[in-house]
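Quick notes on the structure that follows.
Every number in this text was worked out from the coordinates using simple rules, so none of it is lab data. What you are looking at is a predicted structure, and each value in this text was computed from that prediction instead of being measured. With ideal geometry, Cβ positions are generated from the backbone for all residues, glycine too; neighbour counts draw on all protein chains shown.
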2 protein chains.
Amino acid sequence: MELIDGNAIAKQVLAEVAEEVAALESKPCVTFVRVGEDPASVSYVKKKQRTAEEVGIESRLKLMPEDTTREELLAVIDELNADPGVHGILVQSPIGQIKDEKEIFNRVDPLKDVDGFNVANIGKLCQEDPTAFVACTPAGIIELLARSGVQTSGKQVAVVGRSLIVGKPVSLLLMMKTKMGDATVTVCHSRTQDLGEVTRRADIVVAAIGRPHTITADMVKDGAVVIDVGINRVDDASRKRGYRLVGDVDFDAVAPKCSHITPVPGGVGPMTVAMLMKNTVKAYQLSKV
Amino acid sequence: MELIDGNAIAKQVLAEVAEEVAALESKPCVTFVRVGEDPASVSYVKKKQRTAEEVGIESRLKLMPEDTTREELLAVIDELNADPGVHGILVQSPIGQIKDEKEIFNRVDPLKDVDGFNVANIGKLCQEDPTAFVACTPAGIIELLARSGVQTSGKQVAVVGRSLIVGKPVSLLLMMKTKMGDATVTVCHSRTQDLGEVTRRADIVVAAIGRPHTITADMVKDGAVVIDVGINRVDDASRKRGYRLVGDVDFDAVAPKCSHITPVPGGVGPMTVAMLMKNTVKAYQLSKV
């Protein structure tokens with residue numbers, strides 16, 4: 001069993017990005033928009049800014065109050081869209097009291113949409129257009145597989161979860177006519193009748209359900225590759241903060257059966273930030289075309 | 001075994017569209033752009049115009065010579081996009097000598113894109129946005145299933161083919177959180193290792209490969225629903241025109257095993273034109289919002 005070390009692979013990717021950035025004429029710039037003081041958002045954005053600095057990317061932070069209206073946020077996005085000094089824009093979710101996140105994400109200029117949530121980039125992904133920005137988590141999953149030497153062509157893949165952020169884009173990536181695609185992908189979800197039956201025949205299982213320990217040992221075949229996208233908090237009195245993070249996979253029981261598996265934390269998570277940096281460099285390059 | 005009669009169902013849909021159109025304040029208008037004299041295009045566009053007339057939709061035809069350049073066609077599309085009297089635009093493929101069809105389709109105003117090929121509409125489909133225009137063939141497949149009383153929720157579906165026009169959008173529709181979605185979808189293609197193994201466990205098989213007789217009797221389980229999207233010409237000296245049309249499914253051998261099956265011709269084909277009319281009414285309605 002080989003543990004896929006997301007921290008180590010993310011570090012590799014970031015080293016390559018730093019090298020690429022150093023060779024550019026000027027610094028790529030990403031602007032984060034954060035609405036309110038959601039503690040998870042504060043810490044995510046901090047982490048992203050720190051990483052940007054490490055690889056030589058300029059980052060800016062636009063802070064807006066919790067009660068920001070839809071109109072105010074759209075106006076800020078329009079301003080950033082129009083600013084030639086800003087190559088990438090990321091609106092951190094959750095966005096305060098604004099209900100329709102899709103409208104917000106769709107307002108970001110598709111060429112600055114480093115988060116890959118804009119409708120145009122999702123469409124481009126379907127069209128297999130190389131200028132598409134792919135959302136960071138699914139892009140990170142492909143990178144993890146590629147750098148772990150996992151072949152996808154002709155393989156059976158079970159993607160568990162059909163979200164717009166992970167399940168659908170990672171499925172589209174894995175079925176594409178590309179080196180890290182060409183897989184036979186089954187998308188499972190809450191209405192799937194016998195989930196175990198589907199995952200058991202899969203060579204690669206991508207778990208993106210958001211419920212701890214959903215993928216158990218009996219649901220995975222020997223030698224499978226398991227990618228765990230879940231980040232769930234479970235109560236743990238033995239920890240100082242009162243909880244620990246676990247994935248969607250029952251890691252201890254599943255791992256011994258796998259050829260490769262990602263841990264949580266330290267698997268997919270670190271890749272997300274690394275792919276954001278890669279996307280920012282891509283946005284910079286597209287702005288020069 | 002129940003034969004799914006695409007002609008009869010299309011007629012139903014068209015009767016409903018005609019009723020809807022009659023109740024509108026003014027006539028919806030669709031403009032067809034045809035480049036060159038490809039005989040199949042000539043006949044398709046004629047059929048679409050005749051159907052439009054039948055249901056009370058105004059149709060216009062913009063004919064352009066075979067050697068039309070990319071720039072000339074884009075200019076025509078821009079003009080139609082700007083014309084408030086035109087609600088729907090359809091650029092008939094193939095488009096003469098123009099290589100990049102995607103660029104052409106993506107230039108059509110997403111709100112007039114009755115063909116559903118624009119990148120924005122494909123993205124909206126992923127986002128499960130009800131304003132998305134869904135390409136006519138996949139939309140027609142869903143309509144056929146719905147009107148034949150086929151349930152999709154929780155069912156295993158094998159979609160054979162991963163094209164942007166059929167395979168991908170029909171897969172996205174069938175996995176959506178909707179009444180005619182919620183299926184567990186596997187997308188198969190040329191790199192799938194054991195196609196029969198996948199199709200044999202499917203409750204519903206959608207064949208969109210473009211190769212005659214690919215789905216044989218041993219590849220389908222008893223009681224399956226089979227939707228045949230293929231339209232292939234095979235030589236047939238006994239016919240006056242020297243060929244006959246067959247689907248991707250070995251109909252004679254497969255049909256006895258099925259609970260429902262579509263014939264070719266007379267299955268999915270007629271639905272495509274019907275859904276185009278439905279999309280045109282939708283475009284008209286969106287233009288009034």
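Using the alpha carbons of the protein assembly as shown, what is the convex hull volume per residue in cubic angstrom, as a whole number?
Given the Cα convex hull of the protein assembly as shown, per-residue volume reads 167 Å³.
Excluding same-chain residues fewer than 8 positions from B:LYS282, which lysines have a Cα within less than 16 Å of its Cα?
Output for B:LYS282: B:LYS27, B:LYS112, B:LYS124.
What are the residues whose amide H is under 5 Å from the amide H of B:TYR243, where those residues sit 5 or more places off or on another chain and H is modelled from the backbone?
B:ASP236
Could you pull the copy-to-copy label distances for B:GLY149, with points set 7 Å along Cα to Cβ, in nm to one decimal and sorted shortest first?
Distances to the matching label points in the other copies: 5.7 nm.
Scan the stretch A:221-289 for trypsin sites (Lys or Arg not before Pro) in coil per DSSP, keeping those whose Cβ has at most 15 other Cβ atoms within 10 Å, and list them by number.
When the trypsin sites (Lys or Arg not before Pro) of the stretch A:221-289 are filtered for loop state and at most 15 Cβ neighbours within 10 Å, A:LYS221, A:ARG239, A:LYS240, A:ARG241, A:LYS288 remain.
Once amide H atoms are built 1.01 Å from N in the peptide plane, which residues 5 or more positions from B:GLY36, or in another chain, come under 5 Å H to H?
Hits under the 5 Å cutoff: B:MET64, B:GLU66.
In the stretch A:26-113, with Lys and Arg counted as +1 and Asp and Glu as -1 at Cβ, which of these residues, A:LEU80, A:LEU63, A:CYS29, has the Cα nearest the positive end of the dipole, that is, farthest along it?
A:CYS29
Highest first, please rank the peptides A:115-128, B:74-87 by the mean number of other Cβ atoms sitting within 10 Å of their residues.
A:115-128, B:74-87
Work out the mean other chain Cβ neighbour count within 10 Å for the residues of B:103-112 and drop it here as an integer.
1
With a ≥ b ≥ c the root eigenvalues of the C-alpha gyration tensor of the stretch A:26-113, is it rounded (a/c under 1.5), prolate (a/b larger than b/c) or oblate?
oblate
With unit charges on the beta carbon (Lys/Arg positive, Asp/Glu negative), name the residue among A:ASN232, A:CYS188, A:VAL198 whose Cα is farthest towards the positive pole of the charge dipole of chain A.
Looking along the dipole axis, the top candidate is A:VAL198.
Please list, or write none, the aspartates and glutamates whose alpha carbon is within less than 13 Å of the alpha carbon of A:LYS288, excluding same-chain residues fewer than 8 places away.
A:GLU25
Only four residue types carry charge here, +1 at the Cβ of Lys and Arg and -1 at the Cβ of Asp and Glu. Report the dipole size of the stretch A:1-54 about the Cα centre in Debye, rounded to the nearest 20.
300 debye
For the stretch A:18-34, what does the Karplus curve 6.51 cos²θ - 1.76 cosθ + 1.60, with θ = phi - 60°, yield as ³J(HN,Hα) per residue in whole Hz, taken in order and with x for Gly and Pro?
Using θ = phi - 60°, the values come out as 4, 5, 4, 4, 4, 8, 7, 5, 9, 7, x, 10, 10, 10, 9, 10, 10 Hz.
Let me spell out the model: positive unit charges on the Cβ of Lys and Arg, negative unit charges on the Cβ of Asp and Glu, origin at the Cα centre of the stretch A:26-113. What dipole size does that give, in debye rounded to 20?
360 debye
Amide H neighbours of B:ILE215 under 5 Å, counting only residues 5+ apart in sequence or on other chains, H built in-plane at 1.01 Å?
Those qualifying (amide H under 5 Å, at least 5 residues apart or on another chain) are B:VAL249, B:ASP250.
Can you list the copy-to-copy distances for A:ARG60, using a point 7 angstrom from Cα toward Cβ, in nanometres, shortest first?
Counterpart label points of A:ARG60 in the remaining copies fall at 4.3 nm.
For the stretch A:129-134, in order, what is each residue's ³J(HN,Hα) by Karplus, 6.51 cos²θ - 1.76 cosθ + 1.60 with θ = phi - 60°, in whole Hz (x at glycine and Pro)?
Residue by residue, the stretch A:129-134 yields 7, x, 7, 4, 8, 9 Hz.
For chain A, just say rounded, prolate or oblate: build the C-alpha gyration tensor, square-root its eigenvalues into a ≥ b ≥ c, call rounded for a/c under 1.5, and beyond that prolate if a/b exceeds b/c, oblate if not.
Since a/c reaches 1.5 and a/b is larger than b/c, the shape of chain A is classed as prolate.
Work out the charge dipole of the stretch B:183-289 with +1 on the Cβ of Lys and Arg and -1 on the Cβ of Asp and Glu about the Cα centre, then indicate which of B:PRO270, B:GLY223, B:SER259 is farthest towards its positive end.
Positive-most Cα among the choices belongs to B:PRO270.
Checking the cross-link filter: which aspartates and glutamates have an alpha carbon closer than 13 Å to that of B:LYS48, excluding same-chain neighbours under 8 positions apart?
Counting by Cα, and skipping residues close in sequence, B:LYS48 has these aspartates and glutamates nearby: B:GLU58, B:ASP115.
Placing a label point 7 Å from Cα toward Cβ, how far apart in nm is A:ASP252 from its equivalents in the other copies, listed shortest first to one decimal?
6.2
Between the stretch B:41-117 and the stretch A:249-289, what's the alpha-carbon centroid distance in Å?
One Cα centre to the other: 42 Å.
Calculate the mean, over all residues of peptide A:189-197, of how many other protein chain Cβ atoms lie within 10 angstrom of the residue's Cβ.
5
Between beta-carbons, use under 12 Å as the cut-off and find the net charge around A:TYR243, counting Lys and Arg +1, Asp and Glu -1.
Residues near A:TYR243 contribute +3 overall.
For peptide B:123-130, how many partner chain Cβ atoms fall within 10 Å of a residue's Cβ, on average?
Mean number of neighbouring Cβ atoms from other chains: 6.
Tabulate in residue order the Karplus-calculated ³J(HN,Hα) for the stretch A:143-158, using 6.51 cos²θ - 1.76 cosθ + 1.60 with θ = phi - 60°, rounded to whole Hz; enter x for Gly and Pro.
4, 4, 5, 4, 7, 9, x, 7, 8, 10, 4, x, 7, 8, 10, 10
Where nothing but the Cβ of Lys and Arg (+1) and of Asp and Glu (-1) is charged, how large is the charge dipole of the stretch B:136-269 around its Cα centre, in debye to the nearest 20?
Using only the charged Cβ atoms, the result is roughly 340 debye.
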